[in-house]
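Asker: Have a look at this one.
What follows is calculated from the coordinates using simple rules that are stated; it is not laboratory data. Small disclaimer: the values here were computed from a predicted structure and weren't measured. Virtual Cβ from ideal backbone geometry, glycine too; neighbours counted across all protein chains shown.
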Amino acid sequence: PTPPYLKWAESLHSLLDDQDGISLFRTFLRREGCADLLDFWFACSGFRKLEPCDANEEKRLKLARAIYRRYILDTSGVVSRQTKPATKSFIKDCIMKQQIDPATFDQAQTEIQSTMEENTYPSFLKSDIYLEYT
Amino acid sequence: IDSEDDLLQECITSAMPKKK
């Protein structure tokens, strides 16, 4: 069977589908000062999984606010810098109007994913952290 | 009541793959 670390090189999704891969990628991102990209990506996925039902509404709104405050509002943060202004406005509007759809963060997640696919993921595969691991 | 940080951490963890 293919060792996990070779699968990690196939695609970002293969890497993010493996606990050890995530852990090593996080170590790399932390060193580069942009581990927030990874946490935000997972936060968006976790948010989408929360069922929109009456019992969950307060939790969903609270969580949406938490994600927004932590990653989007701080314009010096790496997630905010890599997210388009229109996407940030859209999320802000959703929260202000308390219209929290499961897809609220989808566009932002796509943009952050592109950033990882184009920059940090290829750099990770060339990094000494990954090469030493293999 | 969970703090925002706890809620956020729980959300991130819920999206991670389980140990294989």
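Asker: Is it possible to state the helix-based mean residue ellipticity at 222 nm for chain A, with each DSSP H run of 4+ residues giving -39500 (n - 2.57), the sum divided by total residues, to the nearest 500 deg cm²/dmol? What is it?
Answerer: Helix contribution divided over all residues of chain A: -18000 deg cm²/dmol.
Asker: Also, I was wondering about something else. Under the definition of Cα pairs under 8 Å and six or more residues apart, what whole-number percent is the relative contact order of chain A?
Answerer: Value for chain A: 28 percent.
Asker: Okay, moving on. Using the Karplus curve 6.51 cos²θ - 1.76 cosθ + 1.60 with θ = phi - 60°, work out ³J(HN,Hα) for each residue of the range A:54-61 in order, rounded to whole Hz, and write x for Gly and Pro.
Answerer: Taking θ as phi minus 60°, the curve returns 3, 5, 9, 4, 5, 5, 5, 5 Hz for the range A:54-61.
Asker: Dipole magnitude of the protein assembly as shown about its Cα centre, charges +1 at Lys/Arg Cβ and -1 at Asp/Glu Cβ only, in debye to the nearest 20?
Answerer: Dipole size: approximately 140 debye.
Asker: Another question, then. Along the Cα→Cβ direction, 7 angstrom out, place labels at A:ARG69 and A:GLU118. What is the inter-label distance in nm?
Answerer: In this crude spin-label approximation the distance works out to 3.2 nm.
Asker: Expressed as a whole number of Å, what is the distance separating the alpha-carbon centroids of the range A:13-42 and the range A:44-96?
Answerer: Centre-to-centre distance over Cα atoms comes out at 20 Å.
Asker: Something else now. Fewest to most neighbouring Cβ within 10 Å: what's the order for A:ASP18, A:ASP101?
Answerer: A:ASP101, A:ASP18
Asker: Just grab the label-to-label distance for A:TYR5 and A:GLU58, each label 7 Å out from Cα along the Cβ direction, in nm (one decimal).
Answerer: Distance between label points: 4.8 nm.
Asker: Just to be sure I understand the curve: with the Debye formula and one point per C-alpha of the range A:1-107, what is log10 I(q)/I(0) at q = 0.14, 0.19, 0.20, 0.22 Å⁻¹?
Answerer: -0.64, -0.99, -1.05, -1.15
Asker: Give A:LYS62/A:LYS84; A:LYS62/B:LYS18; A:LYS7/A:LYS59; A:LYS49/A:LYS84 a once-over and call out the pairs whose C-alpha atoms are over 30 Å from each other.
Answerer: From the list (A:LYS62/A:LYS84; A:LYS62/B:LYS18; A:LYS7/A:LYS59; A:LYS49/A:LYS84), the Cα-Cα distance tops 30 Å for A:LYS7/A:LYS59.
Asker: Of A:GLY33, A:GLY46, A:LEU61, whose Cα points farthest to the positive end of the dipole of the range A:21-62 (charges on the beta-carbon: +1 Lys, Arg; -1 Asp, Glu; origin at the Cα centre)?
Answerer: Of the listed residues, the answer is A:GLY33.
Asker: Could you line up A:THR2, A:THR110 from fewest to most neighbouring Cβ atoms inside 10 Å?
Answerer: Ranked by crowding around the Cβ, least crowded first: A:THR2, A:THR110.
Asker: Quick one: A:LYS88, B:LYS18, A:LYS97, A:LYS59, fewest Cβ neighbours within 10 Å first, how do they rank?
Answerer: With the sparsest Cβ surroundings first, the list reads B:LYS18, A:LYS97, A:LYS59, A:LYS88.
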